[in-house]
Amino acid sequence: MNLAVQLLGRPQLTRPSGPAYQFRSRKSWAVLAYLMLGERPPTRARLAALLFSEADDPGRALRWCLAEIRRGLGEDGSVDGEPVVLTLSQSVSTDIDIILRGGWRRAIELPELGADLLEGIGFPGADSFAIWLLSAQRRIAAASEALLHEGALGSMSRGDVDAAIGLAVRAIGMNPLDEHHHALLIRLYRMAGDDARAAKQFAACTEILDRELGVAPGPAVLAALQEVRSPPSGTADRATVEALIEAGSTAVAAGAVQPGVQSLRTAVRLADEADIAALRVESRITLAEALVHSLRGYDEEGLAELYEADQIALDNDLLGALSRIRAEIGYVDFLRARYDRAFVRLTDTLRLPPAAAASMTTSAKATTYLGAVASDQADYSRAIELLTRAIDLSRSGGDLRMEIYALSMLGRVHLFLGDLDAAATTLDTSIELAERDHWLAFLPWPQALRGEVQLSRRDIAGASEYFQQSFARACQLGDPCWEGISARGLALVADALGDSDTAFRTLADARLRSNRHADPYVWLDGYILDAQCTLGRRHAHPDTARWVAELRSLSSRTGMRELTIRSLLHGAALGNAPDAAAAELLAADISDEQFILVVNQL
């Protein structure tokens, strides 16, 4: 490493060989941060207007800052051209790159992990840049928090419980309202044999959730507190463990989720007693899949099992299992809108050595989830490419349910792009295959999206029929996400029929439903919020400004690009002029042509 660029906390350049040049202007740091985090190179005119509009000669001020950056980079990088392109040599280390694209082991060594991007530096007179910076700070903070949580899980899986506890405490410090952090810390205290501290942490979690949100701890926290450490049974052998795994997975598939999960927990314990690496991994993967996909509110316990399985697989060179594990971890990160971490895990899955890499089914799964991540972030061209490939992989591998899932996500992309015929065809196929396979637990999702197609076609009666079917099935299943998406549709139908009061009540109910567990599909909350903002503006609802602020905070923190821009446009419509310029700025930074078409229609 010849040069280290630190943009978190107090920004600085450092060199191991001696003193490094330090910028004299805070705006030089601002330009460098913007160039490092931007998706495509900005024009000089945009950079000058963004940061130097009040200068007597904005172009000259920009050239001075670019010269400072060149001096700081020396032979380790360059910044030049029109548009302005930043190039860094491979010998340069940046804290931003480690946080967004690196592993947790390197990230937790960063002394400034958890500090704000360009902490404490203000930019008066540059309102649009200040809005961009706040969004970037939220995204980096969320990524840092996710890495602390990931580091705690990783340290736990390696047997370093003390280090894991320290990282979990730091994660809670960054976001004390996240139940997953509390559940992890309670589990760690119990692993350390400190039940008193576990009980104290549970009490603290209960108090803060009640005070700030008016809710009680969910299943993940309760499970961590109540987890039973069973003594050795003396019955551990391969045949017994394999039988328990088969019985547990069969029970879960048949709908007897709780008994199946208990069998799989027993299988994990007995596999550990037998000390058979392959069974220790398989039992954990099977248990984690049940916890994540079939038992609401237990994703955190599932993650703990996956990280332990990951370490065991690494220690024993079980790379085929490793691909399954990382695909599942990536899926949970996708649901939690930790898109940077999901991308790392899912691309890891597809990059494993071909001889031991994922099967066709696992490849289809990882590719589908990557497509879903791209869709959530409004990278629509990439999403279409990935989801189309995932459908082909699913068909080749004979995984009908993954094909159904990928089709529904591809239909959603077509819907957002306004290609209603393609959306209808794709979603109809997803629905037809789900019905043929009797996958009724998934059916409400494509049905609700199909209702949105009809709503966009102004077929209110047809849309209502889809939403009613979806909502009824979702309520029967007790699935928060499916209830939320279908309730959102019913609210829009009510508004289209002139009943705005029912529309607002139903949207509020949709958010409550979709977030009633600690493991929601986070994107859906933003999607419902956007509908609240849209109707709030239309009907001058008194809570509209609050909804806009909530949407902006959520979308910028997670990197939901379209929803971030929509939140700014909502703010501009409410009279906040800098929001319009900031929306234009963020839209100009996105290179996806399909996304640009969507933004132009907003």
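Values in this text are rule-based calculations from the coordinates and carry no lab data. For clarity, every value in this text was computed on a predicted model and none was experimentally measured. Glycine gets a Cβ as well: all are built from the backbone with ideal geometry, and neighbour counts include every protein chain shown.
Multiply the residue gap between Arg538 and Asp97 by 0.36 nm, knock off their C-alpha separation, and tell me the result in nm, one decimal place.
154.6 nm
Using 5 Å bins from zero, what percent of all Cα-Cα pairs in segment 361-601 falls into each bin? Taking every Cα pair in segment 361-601, the percentages come to 1, 7, 13, 18, 20, 19, 13, 6, 3, 1, 0. Protection proxy ranking of 313-324, 544-555, by the mean of other Cβ atoms within 10 Å over each peptide's residues and highest first, is 544-555, 313-324.
If you plug the beta carbon distance of Arg546 and Arg458 into 1/(1 + (r/R0)^6) with R0 = 30 Å, you get a FRET efficiency near 0.50. Summed over qualifying helices (DSSP H, 4 residues or more, each -39500 (n - 2.57)) and divided by its residue number, the chain shows a 222 nm mean residue ellipticity of -23500 deg cm²/dmol. Listed by Cβ neighbour count within 10 Å, with the fewest neighbours leading, Tyr331, Tyr380 appear as Tyr380, Tyr331. In order along segment 559-575, the Karplus-derived 3J(HN,Hα) couplings, from 6.51 cos²θ - 1.76 cosθ + 1.60 at θ = phi - 60°, round to x, 7, 5, 5, 5, 5, 5, 4, 5, 5, 5, 4, x, 4, 5, 8, x Hz, and Gly and Pro are given as x. By other beta-carbon atoms within 10 Å, ranking Thr502, Thr564 with the fewest at the front produces Thr502, Thr564.
For segment 454-514, dividing the convex hull volume of the Cα atoms by the residue count gives 60 Å³ per residue. Simple point charges give the picture: +1 on the Cβ of Lys and Arg, -1 on the Cβ of Asp and Glu, and for the chain a dipole about the Cα centre of about 880 debye.
In units of the compact-protein estimate 2.2 N^0.38 Å, segment 210-342 shows a Cα radius of gyration of 1.09.
Find out how many positive minus negative residues lie around Ile325, taking Lys and Arg as positive, Asp and Glu as negative, among other residues whose Cβ is under 11 Å from that of Ile325.
-3
For Gly77, the residues 5 or more places off, or on other chains, whose built amide H falls under 5 Å of its own are Ser89. The charge dipole of segment 375-449, taken about the Cα centre with unit charges on the Cβ atoms of Lys, Arg (+1) and Asp, Glu (-1), comes to about 120 debye, rounded to the nearest 20. The ellipsoid equivalent to the alpha-carbon distribution of segment 298-385 has semi-axes of 22, 16, 8 angstrom, derived from the gyration tensor eigenvalues as √(5λ) and listed largest first.
Counted residue by residue at 0.36 nm each, then reduced by the alpha carbon distance between them, the extension gain from Arg505 to Asn175 reaches 115.9 nm. Taking a sphere under 15 Å around the Cβ of Gly498 and counting the other residues whose Cβ falls inside, with K and R at +1 and D and E at -1, yields a net charge of 0.
For a quick check: sort Lys365, Lys200, Lys27 by the number of other beta carbons within 10 angstrom, fewest at the front.
Going from sparsest to densest Cβ surroundings: Lys200, Lys27, Lys365.
Using the Cβ-Cβ distance between Arg70 and Ile208 with R0 set to 41 Å, the FRET efficiency from 1/(1 + (r/R0)^6) comes to roughly 0.30. Largest first, the three principal axis extents of the alpha carbons in the chain are 80, 66, 50 Å in whole numbers. Quick check on segment 3-136: take the gyration tensor over C-alpha atoms, sort the square-rooted eigenvalues as a ≥ b ≥ c, and tell me if it's rounded (a/c under 1.5), prolate or oblate. It comes out prolate by the Cα gyration axes. Which shape class applies to segment 368-454: rounded if a/c is under 1.5, otherwise prolate when a/b exceeds b/c and oblate if not, where a ≥ b ≥ c are the square roots of the Cα gyration tensor eigenvalues? Oblate.
By how many nm would the segment from Tyr21 to His438 grow when fully extended, if each residue of separation counts as 0.36 nm and the alpha-carbon distance is taken off?
143.6 nm
What is the diffusion coefficient of segment 458-588 in µm²/s, taking the Kirkwood radius over Cα pairs and the Stokes-Einstein relation at 10 °C with a viscosity of 1.306 mPa s? Each step should come with its number before you reach the end.
On the way: Rh = 15.2 Å.
Using the Kirkwood radius from Cα pairs, D works out to 105 µm²/s.
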